[in-house]
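Nothing in this text is a laboratory measurement; each read-out follows from the coordinates by a stated rule. None of these values were measured; they are calculated from a predicted model. Note that each Cβ is placed from the backbone with ideal geometry, even for glycine, and that neighbours are counted across all protein chains shown.
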Amino acid sequence: MRHFISLNDWTKREIMELLQLAEHYREQAFILSEQLFAANLFFEPSTRTKMSFIVAQRKLGLDVLDFNEEFSSTKKGESLYDTAKTFEAIGANMLVIRHRDDCWIEKLEGNLSIPIINAGAGKKEHPTQCLLDLLTIYQEFQKFKGINVVIAGDISHSRVAKSNAYTLQKMGAHVYLTAAEGCKDRSLPFPYISMDEAVEIADTLMLLRIQHERHEVAYDQTTSYLDKYGLTKQREKCMQPQAIILHPAPINRNVEIDTDLVECNRSRIFKQMNNGVYARMAIMSSVLKEWGSIHETVDQKYQ
Ligand code: CP
C-alpha cells in the first residue's frame with residue numbers, strides 16, 4: 001500500500017508519471033465502476049484544496065464522505081488518530097487529511113490499512129499543491145531542468161515553499177528564495193536573493209502570502225510590504241518575456257502582489273486551481289491503483 005505524504009517519497013520518474021496521468025484526466029473523463037469512499041478530514045480552513053479534491057473524487061466516481069470539525073466528535077475530545085480509525089472502520093477507502101500539526105502523519109502512518117493523502121501538514125508540507133504547481137510549470141516549459149524558480153514571501157511559515165523547493169530541485173530546476181528578514185528560514189539549503197534580483201532571473205515567480213495564523217507575534221504587514229518585498233507593476237516590467245507568475249492562493253491583494261497583476265498575461269494563478277483537480281485525480285488514482293482497487297485502463301495511454 002502507498003500513501004501520498006511527501007514528494008520526497010516519489011522518484012523523478014514517478015512524479016513525471018503522475019503529471020502524465022493528470023494530463024490524461026484533463027483530456028478525458030474517467031469513472032470508476034465500483035463503489036469506493038473517500039473521506040476528507042480538514043482540520044484547517046480550505047477552499048481550493050478541499051473543493052478540488054471533491055470535484056476530483058466525483059470525476060473519478062468516488063463517493064465523498066465529508067467531515068466538519070465543528071460538528072464532529074473531536075469537539076468531545078476525540079483525537080485525529082481515533083477519528084481516522086473510525087473512518088477506516090465505517091468503510092472509507094482513502095483519507096485526505098489537512099491538519100495544523102506539522103507531524104500529524106507520524107501519528108497515523110503504519111496504523112491504517114487504507115491510503116492517506118496529505119492535503120497540508122502545518123507549515124511542513126503541501127505535496128498536492130506542489131504537484132499541481134509542477135503541472136503548471138511543465139505545461140509552460142515542457143521541462144524542469146535548468147528552469148529558474150524563485151519562491152517569494154513567508155518562506156518560514158509556508159508548507160508550499162518547502163514542498164516546492166525540494167521537489168523542483170529534484171526535478172532539475174534551479175531554486176531561489178526571497179523573503180523579508182522575519183520570514184526567512186535559514187535552515188533551507190537554497191540561496192536567498194532580493195526581490196529585484198528575483199524578477200530579473202525568474203522563469204517562474206512563485207508568490208506566497210504572509211501566514212498570519214502561524215506567526216507567534218502579529219506580522220507588520222503595512223502597505224510598504226508590497227514596495228519592499230512584493231510584485232509591483234514596476235517590478236513586473238523587469239521580468240523575462242517568458243516568465244510566469246504562480247501563487248497557491250488565497251491571495252492578499254496589494255500585499256505580495258499588486259491587484260492589477262493577479263490576472264495579467266503572465267499569471268497562471270487560476271490555471272493552477274484548474275490543474276489542482278487533475279493533479280489530485282492522478283494522485284488518488286495512483287494510490288488506489290497501488291492498492292489494487294482501480295481499473296487498469298487509467299493509464300493505458302502511457303504504457
Ligand atoms: N492553496 C491552498 O491550499 O488553498 P486552500 O487553503 O484554500 O486549500
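Table for the structure above
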item: Charge dipole magnitude, Cβ of K and R +1, D and E -1 - the chain, Cα centre, debye nearest 20; result: 340 debye
item: Helix-derived mean residue ellipticity, 222 nm - over the chain, DSSP H n ≥ 4, -39500 (n - 2.57), to 500; result: -11000 deg cm²/dmol
item: Filter on Lys145/Lys271; Lys123/Lys271; Lys85/Lys170; Lys162/Lys271; Lys107/Lys184; Lys170/Lys228 - keep pairs with C-alpha separation over 26 Å; result: Lys85/Lys170; Lys107/Lys184; Lys170/Lys228
item: Ranked list, fewest to most other Cβ atoms within 10 Å of each Cβ, for Thr128, Thr74, Thr83; result: Thr74, Thr83, Thr128
item: Between 0 and 90°, nearest 10: helix 159-170 axis offset from the chain longest Cα axis; result: 90 degrees
item: Size of electric dipole in region 128-272: Cβ of Lys, Arg +1 and of Asp, Glu -1, about Cα centre, debye, nearest 20; result: 480 debye
item: Principal-axis tilt of helix 48-60 within the chain, Cα atoms, nearest 10 degrees; result: 40 degrees
item: Residue among Arg26, Arg186, Arg280 with the largest mean-square fluctuation in a Gaussian network model of the chain, springs linking Cα atoms under 10 Å; result: Arg186
item: Cα-Cα pairs of region 17-102 separated by more than 16 Å (percent); result: 59 percent
item: Relative exposure of Cys238, Cys183, Cys103, judged by other C-beta atoms within 10 Å (fewest first); result: Cys103, Cys238, Cys183
item: Contact order relative to length of the chain, as percent, for alpha carbon pairs under 8 angstrom and 6 or more apart; result: 22 percent
item: Stretchable slack from Arg253 to Ile90, in nm (0.36 nm times residue separation minus alpha-carbon distance); result: 54.4 nm
item: Label-to-label distance, nm, for residues given as Gln35 and Ser79 (7 Å Cα→Cβ offset); result: 3.2 nm
item: Net lengthening on full extension, Met51/Phe71 (0.36 nm per residue, minus Cα-Cα); result: 5.3 nm
item: Size descriptor, Kirkwood hydrodynamic radius, that averages inverse alpha-carbon separations across the chain, Å; result: 19.9 Å
item: Protection proxy ranking of 200-206, 66-72, 265-271 - average other beta-carbon atoms within 10 Å, highest first; result: 200-206, 265-271, 66-72
item: Ranking of Met1, Met273 by count of other Cβ atoms within 10 Å, fewest first; result: Met1, Met273
item: Among Phe42, Ser6, Tyr25 - extreme Cα towards positive end, dipole of the chain, charges at beta-carbon; result: Tyr25
item: Top positive-direction residue, dipole computed over the chain with Cβ charges, set Leu168, Leu226, Ile251; result: Leu168
item: Three principal axis lengths of region 128-272 [C-alpha, angstrom, descending]; result: 41, 32, 25
